[in-house]
Amino acid sequence: MIIWLLSDYDHRKHLAFKTLLARFSAAYPDTAVEFSVKSRASLWESLFTHLRDPKRNPMPDIIEIPQNWTDLFSRLGLLAELSSKVEPLAQRRYPEFILKELCRNEGSAFSAPWWLESPALFYRPQALKGAVSDPEKELASWEGFRAALDSVGKSSRRSGPRALSVPGSSGSVSVADVLPRVWGRRGGLFSEDFNRATFTHEETAGGIEDWLELAVSGKVELFSADRFENGPRPAEESAFIISSRKLAGSGRSGLRMLPYPGYPSGGGLMLVYNLAVSASSQDPSGSAAFVSWAMEPRNLSFFTESFGVFPCLRSVFEERLRDERESDAYRHIFAAPELKPNMMVYPTAELLLERALWNLSLKIARGDYDREDLTRELIMAQGEADYLLSLY
Amino acid sequence: MKKNEKIFYGEAPGRVFYEGRDAFLRAALESVEERFALACASFYEYEEGTGLLRLRQCHASGVSFEGEENLKPQPGSAAARALETMQPVRSRTSGGNFLYSPFRFDYSDPAGGSSVVPCLGLVRMERSPRARRFLPSEAAGADAYLRSFLRDYYKAEFFSLHRKYDKNVAAITELTEVFATALRVRDSFRHILSGIQTYFGFDRVRLYLIDEKNRKLKGELSADIRGKIKSIAYEEIPLEPGAHRFADIVLGRSSGAFMERYKDCVLYMPLAVQGVTIGLLIVDNLLSQQRIEPQELAMLRSFGGQIALAVDNSRLFDKVEELSLYDELTKLPLRRYFNQRFQEEFYRAERFKQPLALIWADIDHFKEVNDTYGHQIGDKVLKEAGRVILSNLRKIDFPCRYGGDEIVILLPQATGAEARRLAQRLSQELAEVRIAVPFSKTRELRVTMSIGVSTFPQDASSMDALLEKADDALYWVKSHGRGQIAVYSEVAAAKEKEKAGSPPPASLP
């Protein structure tokens, strides 16, 4: 059995999966399992390469995908239907907000929700002294957070630690960076009826601009040379950290957690990752059995806890929420969770936005970025997304 | 990890041929990590245009993984020096102990171009801050070890490009064959689109043809990435400047900016034969947003003439076929085409033991119509008869203008009773048709049909017999007053009675 796992900036995930597989092999010694860790771009490319030439580019048996890739790849015939083969899917043992975006065809499911994360704001109380007196209140809004960053930035330049760190950043500004802010402004990539793209709408473009401004003002360092030379900065070196994971050792380093700024009424964008079985798997029932095994509470709990994310299975999810030290912040986030739409052209629309953000990042890094560049890039990306909508 | 046992030249241990570049990279990093007690080994490609190092593969704690990381080395830093000097550089920072081993090699573009494809980058070897630093001798050893591996990377790259080249050569040969044979197969457009998808594998291929008469660009077929073909006949674009970008492309008025934006993942290829544009072929990778390789675009373009010719030929072929198989006046198939279908349907009926009915119709007094009102009116009568017949048949029925005013209709899976019902409907509808005759006293003409019906297997067991019995039934109607319908079995029964001396019925039920 071959598995493709999505790569993660946090190596703990890869190691956790390796351990999970070791447990599986101990329980089922007759089943040989191999896994490869693929980047999101490489996984996307591999899936399309398979579609173009299935004989030369075979699929693995199991793939980890972002939940909102399910509609696209099931329509392209790559994924096997799992609703009757994976018990938690058959029994709908997932929180309602996850099930809502699982599949557009009621009753069928082509992937099983595995784990989820939601971006949040971590801060070091000591570093905020003199800059923020009531973090919960002042950091609830984006403007408050932005002002605090400025105040902290002034002092941090003198004392050393950085004001803001984003451990999940790939170097450039990416869709993963900007979407929480876009959602916070009640924007999105498509209109509610999914009939047109809305990249240039005020809420969406404004959300993107909010994050780009952090890069333009140097609060977020693009293509960080420092990270290349020294590796990721330890948590204790930053006043603020935006992360969708519970940080390793955050308790020891005195970090506190708050919901992502700019969701005053609660809620947040959830990123859900699923396990899917390839439609061309040589062992479809064995593969579905592995997915079921991975969803068993004990295994799911171990895997997700290892790298600070939440399990998707309702019982384990609720248990984790109860035990969570920062449960107030998480309760706030999970009060009105929102998922990215699981629709056919959405992943491509994200790619279009990713390309626009890449171009803008290069401009910012070169120091020749202008607000007009954002408008132009978004108009073009929106035009392409609209065109796609007309085709698919 | 798949690998075979083909040994490469060189000294480094474990030198085997790896399937694909990624498998090779994983093996290289895994090997160097183990051999030099590293915490992590990462392979970066350097993009000279942007000055960015882009992570491709990493190996740490026994796990290989791809990463998404684009970082810019600080000018003067150890990594930057390594890239500048192409020599290994050691460094020690708060993040750990590092050794940067750079590489660069160029290879010729196997697609036949004179350009050189450069590959530049470095491998970053890392030990934790608490681990021992890289000694100069160790750094030299690790660098040499990696370089020997990277020579194989060069080979892996070369083989990968060579495979592409091989694929292209195969595509040229086989596509030429596909386009050349498109004429001889049914659904030739499908054949052409399938051929393109098999060898290029685009997200989508669409074919539009120009309808000169109506000045439109009409959608024909679309093939998706899985090779599934569907009709896009619902797409009609007025062929006017500014009406649609496809129209502008066909008319040679497309804006450069628009084309520029899509140049990497869409190719709009007007199809022209002897300088006349006949359609538009569009291939795209819009869904995947993957770049279409320039060599692929160039190759498809070079096929443009052949594709256009194949499309045009098959269109002409369809026209000629239509002319030779269909009667222009009644729009009914001709006898030659009927004979072919009759044979197929008869075999099918025999094999699956299904009924097959045959209607033989004749317009009453057609000769008199021609003689009295002229051939123009006669033609109108035939045209109306054709229209009535075509509008009443099922999809599986097959009519034919058998000759003159004689029309034969094949009714697969129909019994005598079903055939009679259809005949009645046809007869009734035709009788209601008023054909305008301006120069006659009545100003209009009405016609009737005599119809004979035979069925398989009741009336006949061979094709000839089935035709003969329908003709017999028709003859019986004609000799008993015309304008009626006779089923052969009933005619036979009536004839038996005649023989036995009973008076013949004036008409059959």
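Here, each number is a calculation from the coordinates, and none is a lab measurement. Predicted, not measured: the structure shown is a model, and the values here were computed from it. Backbone-built Cβ (ideal geometry, glycine too); neighbour counts: all protein chains shown.
Rounding to the nearest 10 and keeping the result within 0 to 90°, find how far the Cα-based axis of helix A:346-366 lies from the longest principal axis of chain A.
Relative to chain A, helix A:346-366 is tipped by roughly 30 degrees.
Let me test this: with uniform point scatterers at the alpha carbons of the protein assembly as shown, what is the Debye-based log₁₀ I(q)/I(0) at q = 0.06, 0.10 1/Å?
Values returned for q = 0.06, 0.10 Å⁻¹ are -0.58, -1.18.
Taking a ≥ b ≥ c as the square roots of the eigenvalues of the Cα gyration tensor of region A:236-370, is the shape rounded (a/c under 1.5), prolate (a/b larger than b/c) or oblate?
Because a/c hits 1.5 or more and a/b fails to exceed b/c, region A:236-370 counts as oblate.
Only four residue types carry charge here, +1 at the Cβ of Lys and Arg and -1 at the Cβ of Asp and Glu. Report the dipole size of region B:185-324 about the Cα centre in Debye, rounded to the nearest 20.
120 debye
If you take every DSSP beta bridge whose two residues both sit in the protein assembly as shown, what share of them, in percent to the nearest 5, is antiparallel?
85 percent
What number do you get for region B:385-467 when its Cα radius of gyration is normalised by 2.2 N^0.38 Å, N = residues?
Output field value: 1.27.
First check a/c for region B:277-342, with a ≥ b ≥ c the square roots of the eigenvalues of its C-alpha gyration tensor; if it is under 1.5, answer rounded, and if not, answer prolate when a/b is larger than b/c or oblate otherwise.
prolate
Under Stokes-Einstein, with the Kirkwood radius over Cα pairs standing in for Rh, what whole-number D in µm²/s applies to chain B at 25 °C and 0.890 mPa s?
Estimated via Stokes-Einstein, D reaches 81 µm²/s.
Just check region B:197-269 against the gyration tensor rule for me: Cα atoms, a ≥ b ≥ c as the square roots of the eigenvalues, rounded for a/c under 1.5, and otherwise prolate or oblate depending on whether a/b exceeds b/c.
oblate
Set Lys and Arg Cβ to +1 and Asp and Glu Cβ to -1, take the dipole of the protein assembly as shown about its Cα centre, and tell me which of B:Q290, B:C119, A:L51 lies farthest positive.
Of the candidates, B:C119 comes out farthest on the positive side.
Lys/Arg Cβ at +1, Asp/Glu Cβ at -1, dipole of the protein assembly as shown taken about the Cα centre: which of B:A41, A:S42, B:Y326 is farthest positive-ward?
B:A41
I'd like to know which of B:L300, B:T277, B:S314 lies farthest towards the positive end of the charge dipole of region B:185-324, counting +1 on Cβ of Lys and Arg and -1 on Cβ of Asp and Glu.
My answer, from the dipole projection, is B:L300.
Can you divide the C-alpha Rg of region B:185-324 by 2.2 N^0.38 Å and report the result to two decimal places?
1.02
What do you get when you divide the Cα radius of gyration of region B:316-415 by 2.2 N^0.38 Å, with N the number of residues?
Relative to the 2.2 N^0.38 Å estimate, region B:316-415 comes out at 1.18.
Using a simple charge model, +1 on the beta-carbon of Lys and Arg, -1 on the beta-carbon of Asp and Glu, nothing else, what dipole does region B:389-507 show about its Cα centre, in debye to the nearest 20?
Roughly 480 debye for region B:389-507.
Can you compute the charge dipole magnitude of the protein assembly as shown about its Cα centre, using +1 on each Lys and Arg Cβ and -1 on each Asp and Glu Cβ, nothing else charged? Give it in debye, rounded to the nearest 20.
1100 debye
Compute the helix-to-body angle for A:11-27: its Cα long axis versus the longest principal axis of chain A, expressed 0 to 90° and rounded to tens.
That helix lies at roughly 20 degrees to the long axis.
Out of all DSSP beta bridges with both ends in chain A, state the antiparallel percent to the nearest 5.
If I count the DSSP bridges inside chain A, around 65 percent turn out antiparallel.
Would you please give the residues with an amide H less than 5 Å from that of A:L121, counting only those at least 5 places away or on a separate chain, with H modeled from the backbone geometry?
For A:L121, the qualifying residues are A:L258, A:Y260.
Measure up B:K395/B:K469; B:K383/B:K497; B:K319/B:K441; A:K55/A:K340 against 30 Å on the Cα-Cα distance and list the ones that go over.
Pairs exceeding 30 Å: B:K383/B:K497; B:K319/B:K441; A:K55/A:K340.
Counting just the Cα atoms, what span does region B:328-499 cover along each of its three principal axes? Round to the nearest Å and put the largest first.
Projected onto the principal axes, the Cα atoms of region B:328-499 cover 53, 39, 23 Å.
With labels modelled as points extended 7 Å from the Cα through the Cβ direction, what inter-label distance (nm, one decimal) is found for B:E34 paired with B:C119?
Once both label points are built, they end up 2.3 nm from each other.
One quarter of the convex hull surface, Cα atoms only: what value does that give for chain A in nm²?
The Cα convex hull of chain A, projected and averaged over all directions, gives 19.4 nm².
Would you calculate a helix-derived [θ] at 222 nm for the protein assembly as shown, using -39,500 (n - 2.57) for each DSSP H run of n ≥ 4 and dividing by the full residue count, to the nearest 500?
Roughly -14000 deg cm²/dmol at 222 nm, from the helical runs in the protein assembly as shown.
Quick one: angle between helix B:416-432 and the longest Cα principal axis of chain B, in degrees between 0 and 90, rounded to 10, please.
So the inclination is approximately 80 degrees.
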